[in-house]
Every structure is written in C-alpha cells, then in structure tokens.
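The values are calculated or read from the model by the stated rules, or taken from the named source; none is laboratory data. This is a predicted model, so every value here is computed, not measured. So basically every Cβ, Gly included, is an ideal-geometry build from the backbone, and we count neighbours across all protein chains shown. What goes into the accessible areas is simple: the full protein's heavy atoms, side chains included, and nothing from ligands, DNA or RNA. Shrake-Rupley method; radii C 1.70, N 1.55, O 1.52, S 1.80 Å.
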Amino acid sequence: MRNQRGRWVWMAMAALALLFPSVAFAQSADQILASFDDEPTVLEVQAAALTYSGLDPDRVEGWNTRANLANLLPERASYTIRYQDQDRTMEQLTDDYNEAGTTLGAQDRRELRTQTETRHEGRVEWDFSKLIFNPEVLRVAREVGSQTKLREDVLTTVTKIFYERRRAQIDIIMNPPSDAADKLRKELRVQELTADIDAMTGSWFSSELKAAGKNPY
Amino acid sequence: MLLLIGLVWQAHATAQEGADAPPLSELLWLDHSASLLGTGVNAVVVAPDDPLRLYAAGRGYVAGSKDGGATWGPLLLLAGNEFQDEDQTLIEVHEDDLQTFEDTDAEAQFESLREEYFDEFTQRYGETLATELMLDIEDDLRDEAYADLIDLASEAGNERDYLDRLNRLLTAGFSEEEATRLASDPLAVWSLVIEVDAPKIVYAATGRGLYRSIDRGTRWERLISGLGPDGDGVLSVRAADQGKTILAGTTRGLLVSTDAGRTWSRSLGAVSSEPIREVIRVDARGRFFAMGSRGIFRTDDTGTTWTTLVPTGFDVADATAMLSPAGWGDSLFVTTPKGVHRSDDGGGTWAKLSGSGLASSGLLQVLPVDGVDKLIAITEGDVYASTDGGDNWFTASAGLVGQDLRWIAVGPTGELWLGSSSGLLKGLAGEAAAIQAESIRRLREIWAEEPSIAQVVGAGLIYHGLEDTPVDGWHEALFFSKFAPQGWVTLDYRQRRYDNEYVTWVFPNRDSDRTLDTISRQQRRTNYQNPQTNDELLGPPSNLEWQVFATWDLGRMLYDPASTTIENVGAQLRKTRQKLVGRIVRLLIKRRALQLRVVSTGELAVERHIEFQLELEEMTALLDGLTGGYYSKAASSYRAEDLLFNDDVEETARESLASIDTEGENE
C-alpha cells in the first residue's frame, strides 16, 4: 500500500515537472547552486589572490602618494659634529744674576693653554624642480601598467579556475559517479582545482573551506 | 545612446529566419543591432552569393556578419590607429565621465523629467510606452557625458581640417546644409557596395576616402585618400569587369580607374568638379550613371565622356537616390522628395510612379523585393510596401519607434534589412518574431537599468589607476621644473672654550729647592683672550653661519631626457588602457550576448539553466574583478531565470501583432 502511494507521488511530481518544467527545474537549479553558499565567493577569492600576489591596486595609490610627498623632504640632509681639543704648554725659565754674574734666583714660568671647540655643521639639499615635476611618477606609472597586466592575468586565471571547480562540483551532483573509480576521479578533479586556487591565494581558500566545515582535500 | 549592444542569435534560428522573404503585409522590424551597429547604420549590403554574409556601416566603421546577422564583428575602423597617428588625437575616457549615474546631475535631471512628464506620457500613451520613453531618456542622460567626450575629441581632432573640407564642398556646389553635414563627419561611411560579378570584393565610400577589401572584409586598403587639402571624400562607388573598372563619386568630381584601383584619372566635362552623390551601373549595357547636385550624367565608355541628361518632371537638385534594380532591365529610378520617377530609355524620358498610399515627400529609397511586383520604399520615418508593382502602397513600419531610417537592403533570398540611426533592423513576420521582439524589448529594458559601457570601462580604469594618462600635464610640469634650481642650505654652529693655566715657580736662589711651597699659582680662564699674552682673538665663544646655494642645469633648457621617458611611459599606458578597455568591452558584449541567448532559448532544462547561470556569473565575476566589484553592485539580472520572461511575453507579442492587423485594416 505504502509503495503504491509512493508511486502516485512520484507520478504526480513527474506530471508537475512536465506541466511546469521551468518552475520545477528552476527550483532544482537554485537548490543545487545554493549548496555552495557557505563557500567563499568568487569576489573574495579574487581579492585573496590579489593580496597574496601583491597586486592590490591600493598599493599603487600608496606609491603615488609617497612619491609625491617624498620631494617635500630634503633630497639629502647631513649633520657633522666636530670636537677639537688643543693643549699647548709653554715653559719659560728666567734666571736672575747679580753684577758679578752670580745667580740670585730663578723663575720658572709654565703656561698651559687649552682650547676646545665644538662645531655643528648641518646641510640640507632640495631639488626644487622635483617639487614641480617628480620623475618618480613616471616610474610609478610604468609600474601601474605592468601591474595591470599581471592583475588581469591573476584575476582571469583565478576566476576561471573557480568556476571550473564549481562546474566539477555540480557535475558530481548532477551526474553522480557510477563506480568508485569514477567517484575518485571526479573528487580528485575538484581537489586539484582547489589546490590551484590555494596556490594562488596562499592556502587561504582551503582554510576558509575548513572554517566552513568542509574538507577541502 | 547605447554605445555598444551585443546581439547574438542562435545560428539555427537565424538561418531559419533568413530563409525566405517575409510577407510584406505582416512585416515587423526586429532590432539586430550589435556591437558598433548600435551607434547607427548608414548602409547595409548583403553578399550576392551568400545571404548569411552581411556588411553594415555607420560612423567610423564597417562591420560584418557571417551568420545572417547573428554575430557581428568590426571589419574596418576609420577611427583606429591610423586616424590617431595622422591627427594626433586620442579619444580617451576621462575620470569626469566615469562617474556613476547617481553621482551626476543626470539623476536630478531625470527625476525632474520623470515628475514633469511621466503622468502626461502615461495618460497619452499608456504606462508601458511611458516607462519605455522614460528609460530612453534615462539612458541618454546616463551616456551624455561619454557622448559629449567623444564629440569633443572628434571636434578637437578635426577642427584643423574642418574649414578646408567645408570650403571645398561649398566650392564644389553643395548647399551649405549638406556641405556642413559632409564636412563635419570625415568618419562617415556613405556607401557600401558589392558587385554581383565579384562578390568577394567590398567597397566602402567614406569621408576618409575609398576603401576596398578583396577578401570579404578581412583586409582593407585605401584606394583614394580623403585626407589633407588635396584629399577626396568619396560619396559613392560602383565597379564593373570583376573589379577592374571602378568609378568613385567624390566631393570634387568623379574618379575612374581601369586597372583595379592602381591609378586614377579624373573624368572631364560636366562631372569634373561636380560632387557626385550617386554612381550606378546599368548591367544590361554596362553603362554608368552619375548623379550630382546639378544634373544626372551618363557614360557609355567607362567614364571617358559623359552626357548630361535633362530630366523632365523633377529637379535633379532635389533627388535623394538613383537606382537601377536588378531584374528591371534598363529601368532607372530616381527618388525625389515629391515621388519616384522612372526612365526606361536610359534617362531620355521620365514618368512619375503614380502609386497611391506612398508618401508624397521625403522618399529615400525604393527597391524591388521579389520580382517586379513587390516593392519596398523608405522615408526618414516610415517603410512603405507594395505588392502590385507600385500601384498601391501601405505602411510596413511596425516595430519602428523613434529612429531615423537611412538605408534599406534586400538580400538575395528576399530578406529585408533596414539601417537606421539606432542600428540595424531585420524585417520579420509571424508570431515567433513578435515574441522574440517582445523578449528583446524587455531585455533592453534590463540593459537600460544596468551601468552603461562607458561607466563600466571608467570604473575599470579607475580601479587599475589608469583613469588618466597626463602626458600633456607631465610635459608642462617638466617644462616649468627646468626653471626651478637645485638648492641647499648649510648651517654651521661653533662653540669654543679656552682654558689657560699659568704656573710660576719662583726660586730665591739658584740652588734652593724648587718646592711647591714656593709656587704661586695663577689660573685664569677666559673665553676671549689670553690676558697674559694678549693673543689675538680666537673667535667668540659661539657663532652661527648659514649659506644658501642654488644651481641650474642650463642644458635641461634645451633637452631633458625625461621628455622622451614621458612619451615612452605615455605610450605604454595608452596601450595598457586600450587593452583593458577592449577586454572590458568584449566581456560586456559577451555577457549581453549570453543574456540574449538565454532569452532566445526560452524554457531551460536544469543543466542548461545551471550552465547559463555559471557562465553569467563567471562573466560578471570577471567584470567585477576588472572593476573592483563595481559591476555586480550596479548591474541587475544576475540570475539567468530573470531573463526568461515567461509570464506574459507571448500575450504582449500577440497584442502587438493584433495592433498591426488593426492598422492594416484601417489603412
């Protein structure tokens, strides 16, 4: 009896699916896609990949600002301190004689002269032309160009891998493996793509998956 | 207007569409604009040997399709590198133009317009059309800044030659209005031609000269240059003998080549200085006719000598087009604002077609569709059709809203193509076409809510720090920096201290012991001088000296190596920008093409649905990556199922068809 009722339910569902295919399929597609909601989003993965590869555009902005501010500071600044200590000793011996040539006495005079000098020398240099035109902006601009190319490569690659992985995941759901070998092959493919994303994000991706309670490998 | 709209139809659907001529009485025009075509189509031509191979041209471009209008790609871009090199002008997107809609005055303008007109529109046209009108206004406002920018850049680049061109055209005999129109747009493509005896050769008559491709549009060469004071803007072109003989109607007369474009000679006589607006070839006798502003001319010896025809019944100066349709023998048609005139004797005598229902003025073109009975004609605003050889006409303008019509073409199997100010339209008939048209209309509504291409490109450039390549600013700063010195300041501070000690031993007699007791000690400290010796002053106890130096490198005034570096860096950045912009635009077009594929597909199986959804997400994610997340924040229709329009699209489409029938009955 229970089996018969079950058969009716399945037949009714099949009929509904035939009558309203878009509704039935759309719901199913939504459910499948929703099963990955707890995984990092593609935007988060892109951001992680950019940060890991050091291609975050904010860094370039920082370079520009620092390059402009740098010329407000002196191009060169020097400070010298000199200390000079000079001792000079002078000795003067004076003998007193009488008319007979007898020595009456003597005076020994010694002078000790000490000079100390402390000298502070400071020198600051500006290249005022750099306040008007800073050649560093050219270097930064050139770097912006090359970083843009690299960033585009990283973004394209990580996005493609992300969706290749998502397609592989959906393939497991939509076309369940027929045997152990097939299952292993499909799971390995997902793991391989996970590892690719990990390589581009410094293992951030798998750590996020672990935090969400999923086993990445 | 929308700069680029990507349209992709499934190839099989298109093939089915293009198979037969649609019944003229049920004609419905469906937008087939794609990519550059959205900027307007001046000319359309279908390859005579392949109905699926189409060419369309508008301002600055020739585009081609190999699949009956399903997909389009640019074949010739007149505003490409060549243009930039010659005119030293670059059309660049600047930060000011990249603000989002919400940040600009456009939003305020739109809101005030909405308040002012929406109710009025709703009462007059109904809510659906009112909404559509408001969306169009919004779209225009949104892209206003970008359009202005392109206009400014074009003006800047062309100003130098503008007066030259204008003077030449005025001297050549054009009216001021027409001369201004022609002179202001050197990028315009005025005509596209493929001759039946050489279907692989495509000619493009443009303001920049005559271009030819001998491999169906893959590679192009310029046969006549329209640049410089001696240049000839080409208005019309025809060829014979498999491309060996070419006649080009230019702004300064008619040029003829009999060696496939290697050498050119200027035709003498009446056509020598006349601007030639139209050149046609009458196949039966190999004759050519040319139409200028002062007359119609005929040559029987490939342009060596010309006979001036004097038509009766109309003024040649008013003529808008001249044609000799295939299948109509030697018949020659000339359209004027007052009607169509036909000559069956090589221009000797003329008769006005007396079709009822045809527009009494403003006719641009008349073409046979199928044999001699079915005819189609256009004015700027309407399409007219006749199924009885032109005796009776009816309007066939369903689907045309607000665009200026410019060109109509009939393919070898009777399919109809219409070039207009808003793009390319295809003439279709039946319910399926109506449903498709309604779906497209809704999709365009979705696109109207999405950020414009200029905005997305702008967001991408800002995100990558490429919104500005201030080469001119760098050069300016470098120039002024040469006057600024290298300078330094020195400070010298000295602190001194003198300690002098004097010790004197006094010995009462020579032999007495020198003991300490006898010592008298003097110790003086002074900062300035030795009081005993009155030595020279050695300096104050402290002093501060400072000096300022400035030096100039006078050699920099003549040559500064940084100037070449600026050029190099500028070129590199422009290249990077161009690549980035190209990538973003391609992605946007692909994304829109995918949306269209979803719309065209209709019902989706679950696998296909997921496939579409993932593809859509992937493209959105790539756009997000390139714009720092701007795109998904601003774009709608993220979900594939939002594009299915299953609710009432068929009903609305049927209503449209019913309204066409009603209009037909009223006619």
Convex hull of the range B:239-329 built on C-alpha atoms - directionally averaged projected area, nm²: 5.8
When ranked by the protection proxy of mean other Cβ atoms within 10 Å per residue, highest first, what sequence do the peptides B:577-589, B:206-218 form? B:206-218, B:577-589
Placed amide H near B:Q365: partners under 5 Å, 5+ positions off or other chain: B:I378
Please list, ordered by chain and number, the residues whose modelled amide H lies under 5 Å from the amide H of B:L424; skip anything fewer than 5 residues away on the same chain. B:H32, B:S33, B:A34
Distance from the range B:255-275 to the range A:137-214 (C-alpha centre basis), Å: 63
Along the Cα→Cβ direction, 7 angstrom out, place labels at B:N568 and B:R586. What is the inter-label distance in nm? 2.8
Note to self: C-alpha centroids of the range A:33-77 and the range B:546-618 sit apart, in Å, by 17
Which FRET efficiency, nearest 0.05, do A:I173 and B:E445 yield, Cβ-Cβ r, R0 30 Å? 0.30
Length added when fully stretched, B:Q486-B:A351, from 0.36 nm per residue minus Cα-Cα: 40.0 nm
Once fully extended, how much extra length lies between A:K210 and A:Y83, figured as 0.36 nm per residue of separation less the alpha-carbon to alpha-carbon distance? 39.1 nm
When A and B pair up, the total accessible heavy-atom area removed from solvent (1.4 Å probe), in Å² to nearest 100, is 6100
Subtract the Cα-Cα distance of B:E607 and B:S25 from 0.36 nm times their separation in residues, and report this length gain in nm to one decimal. 205.4 nm
If you average the alpha carbon positions of the range B:449-493 and of the range B:361-416, how far apart do those two centres end up, in angstrom? 55
Net charge around A:F205, counting only other residues with Cβ within less than 14 Å of its Cβ (Lys, Arg = +1; Asp, Glu = -1)? -4
Relative compactness, the range A:76-125, computed as alpha-carbon Rg over 2.2 N^0.38 Å: 2.38
